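Encoded as structure tokens, the structure appears first; notes follow it.
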Amino acid sequence: MSFRDFPAFRDLRAFIRFLEQRKLVARISEPVNLVHEITEVHRRVLVAGGPALWFDKPVRTDAAVEMPVLANLFGTPERVAAGFGVGLARIPELGALLAALREPAPVDGFKDAMGRWPMLRAALATRPQNIPRPDCQADRWLGDNVDLARLPIQTCWPGEPAPLITWPLVITRPPDSAPDETSRMNIGVYRMQALGKDRAIMRWLAHRGGAAHHRAWARRGEDMPVAVAIGADPATILSAVLPLPETISELRFSGVIRGERPRVAPALTVPILVPADAEIILEGYVSATETAPEGPYGDHTGYYNSVESFPVMCITAITMRRDPVYLTTFTGRPPDEPSVIGSVLNDLALPTMRQQIPEISDVWLPPEACSYRMAIVSIRKSYPGQARRVMMALWGMLPQFNYTKLIIVVDEDINVRNWQDVAWALATRMDPSRDLANLGSTPIDYLDFASPEAGLGGKLGIDATNKIGTETRREWGKVLQMSSDVQRKVDAIWQKVAATIQKGAA
């Protein structure tokens, strides 16, 4: 049997139909401007936990727009989980499967092998299937017909210099790979500033896979072939934002999530494969030498980024399905769509964290702290110094934890997702003269302008665990707790007591 609760969503349209059947899509027939207004509608609906938004009549001040716009697709944790094919309650189970695929344990006999069949079948689903006449190339804009202005690209925030493509799946490959070598392809989400009808800025951080591929092409003095998918199936979209190991292709991994082989097709004008069922594909080359100033744009930090130069993409073709829909989002101070996705990825990644650091009970990356800049970790503590060991292990485990500048470690009796619990632990189990681990000159998010140098800053670990052994010379406090015998006796009379209290209050 498959780990999926829902059928495979081959394309974005199948997922939209699924959501519509559950009344989770609102179709807006009122004209809404692509400049700022869609962002504001999206923001209000997301904060209220509302549905995905289909804008029938997006408008632009200087031009007519014929293509509908889809926003807030992953605006609730339940819809993110549905994109993975499961109910929200089964995200930890899916996380356990992903952890097993990452580092499978040895098979112990025939019964164990048969029990792992769903996982093995999922792994086999990673081999892509080539589609000769893909839907994503039903309509083709080539040569002089290439024009980004014909797409309903939104401008999210006041003061931004140009429309911004916010949900692009950027597909790249290293120069020593074949165009159909999908195992070495990378898919990342990097925002793209429109520069004109056939040019855009590709903004990526130096540690991301697309940037690494671009450096390899540039060292050879060659422009890098690239394709950009807008509106792919949910498994491919979510694979692009998962913190996968560098050796695992996002495209192939999407087959594990979806439970069927990814469907691909050769691009028309560049040597690379593209998702066959995407709504829109941009094809072109990222220059080895040309850059342009990008920004300022609103970001997930809740601030505008500074203006910096990034490589320029020259677009050679725009292809799309019949009657395509344009997928978009905005980023800003949480809650926004990336922070909602991040909250689900937190639970999805937890089994992998436990696999590598077994004493971890729970981990919480608060969305309000930009999803990764703060982590609260509970552990089963058994020896002195263990909290610091866990801090160091987390900072070194995944690239994303390079950017986590504050880790608070608590005992397993503390609910890491409850600030009242965490505040109590900080106030009663932590002493600043002993329990702070302060590191300087470490890698940090260069978007964090609070750091003294771009990309280089400090990290703080706080040990808010009970102190044991050589960690303290004092007698440690004992937590107040009612006896189980009294709790049982009160449980027996509680219904009558509660009824009396309620009657008196009325």
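No lab work stands behind these numbers, since they all come straight from the coordinates. Note that this is a predicted model, so its numbers are computed, not measured. Cβ: placed from backbone, ideal geometry, glycine included. Neighbour counts: every protein chain shown.
Would you kindly state how much longer the chain becomes between residue 474 and residue 323 on full extension, computed as 0.36 nm times their sequence separation minus their alpha carbon distance, in nm to one decimal?
So the extension gain works out to 47.2 nm.
I'd like the FRET efficiency for residue 176 and residue 495, computed as 1/(1 + (r/R0)^6) with the beta carbon distance as r and R0 of 41 Å, rounded to 0.05.
Values: r = 72 Å, r/R0 = 1.75.
My answer for the efficiency is 0.05.
Among 414, 501, 476, pick out the residue whose Cα is farthest towards the positive end of the charge dipole of segment 362-506, where Lys and Arg carry +1 and Asp and Glu carry -1 on C-beta, about the Cα centre.
501
Suppose the chain between residue 5 and residue 23 were pulled fully straight at 0.36 nm per residue; how much longer would it get relative to their current alpha carbon spacing?
Details: separation 18, 0.36 × 18 = 6.48 nm, distance 1.82 nm.
Between residue 5 and residue 23, full extension yields 4.7 nm more.
Residue 355 to residue 147: FRET efficiency via 1/(1 + (r/R0)^6), r the Cβ-Cβ distance, R0 56 Å, to the nearest 0.05? Could you put the intermediate results ahead of the total?
Values: r = 49 Å, r/R0 = 0.87.
Given R0 = 56 Å and the Cβ-Cβ separation, E is 0.70.
Provide 319, 472 in ascending order of the number of other Cβ atoms located within 10 Å of each residue's Cβ, fewest first.
On the way: 319 25, 472 13.
Ascending number of Cβ neighbours within 10 Å: 472, 319.
Give me the one-decimal nm value for the distance between modelled label points at residue 219 and residue 47, 7 Å along each residue's Cα-to-Cβ direction.
With each label point 7 Å from Cα toward Cβ, the separation is 4.8 nm.
Ranking 34, 460 by Cβ neighbours within 10 Å, fewest first, what do you get? List each step's numbers first, then the result.
Details: 34 24, 460 14.
Neighbour counts put them in this order, fewest first: 460, 34.
Each residue of segment 129-135 in turn: what ³J(HN,Hα) in whole Hz from Karplus with 6.51, -1.76, 1.60 and θ = phi - 60°, glycine and Pro shown as x?
10, 7, 9, x, 10, x, 4
As I understand it, the dipole of the chain uses +1 on the Cβ of Lys and Arg and -1 on the Cβ of Asp and Glu, about the Cα centre. Which of 200, 357, 439 lies farthest toward its positive end?
357
Enumerate the lysines that residue 503 could reach by cross-link, defined here as Cα to Cα under 24 Å, with residues fewer than 8 away along the same chain left out.
List returned: 489.
Out of every Cα-Cα pair in the chain, what percent are more than 46 Å apart? Intermediate results must be reported in sequence, preceding the final value.
Working: 22050 of 127765 pairs.
Value for the chain: 17 percent of Cα pairs lie more than 46 Å apart.
Residue 333 label point, 7 Å along Cα→Cβ, cut-off 13 Å on backbone N: hits in segment 270-312?
Taking a point 7 Å out along Cα→Cβ of residue 333, the residues of segment 270-312 whose backbone N falls under 13 Å are 299-304.
Which lysines does residue 197 reach when only Cα atoms under 29 Å apart count, and residues fewer than 8 places away in its own chain are ignored?
Those lysines meeting the cut-off are 57.
Report, for segment 337-471, the % of DSSP beta bridges that are antiparallel, rounded to 5.
Looking only at bridges with both residues in segment 337-471, the antiparallel portion is about 50 percent.
Could you tell me the center-to-center distance, by alpha carbons, between segment 182-233 and segment 149-181 in angstrom?
8
Starting from the 7 Å offset along Cα-to-Cβ, what nm value, one decimal, do you get for the label separation of residue 392 and residue 486?
4.3
To the nearest 20 debye, what charge dipole does the chain have about its Cα centre, counting +1 at the Cβ of each Lys and Arg and -1 at the Cβ of each Asp and Glu?
Numbers: 57 positive and 57 negative charges, 263 e Å.
Dipole size: approximately 1260 debye.
Looking at segment 12-327 only, what percent of DSSP beta bridges run antiparallel? Nearest 5 please. Intermediate results must be reported in sequence, preceding the final value.
Values: 45 of 56 bridges.
Here the share of antiparallel DSSP bridges comes out near 80 percent.
With N residues in segment 365-425, what two-decimal value do you get for its Cα radius of gyration over 2.2 N^0.38 Å?
Details: Rg = 11.6 Å, N = 61, 2.2 N^0.38 = 10.5 Å.
In units of the globular-protein estimate, segment 365-425 measures up at 1.10.
Give me 371, 177 ranked fewest to most by other Cβ atoms within 10 Å of their Cβ, as a rough exposure proxy. Can you show the working numbers first?
Working: 371 23, 177 17.
Fewest to most other Cβ atoms nearby, the residues stand as 177, 371.
When the scattering of segment 248-377 is computed by the Debye formula from its Cα atoms alone, each counted once and equally, what is log10 I(q)/I(0) at q = 0.11 Å⁻¹?
Values, matching the q order: -0.66.
Cβ neighbours within 10 Å, averaged per peptide: list 381-387, 282-288 in order, most packed at the top. The partial results should precede the final answer.
Values: 381-387: 16.0, 282-288: 22.3.
The peptides rank, most packed first, as 282-288, 381-387.
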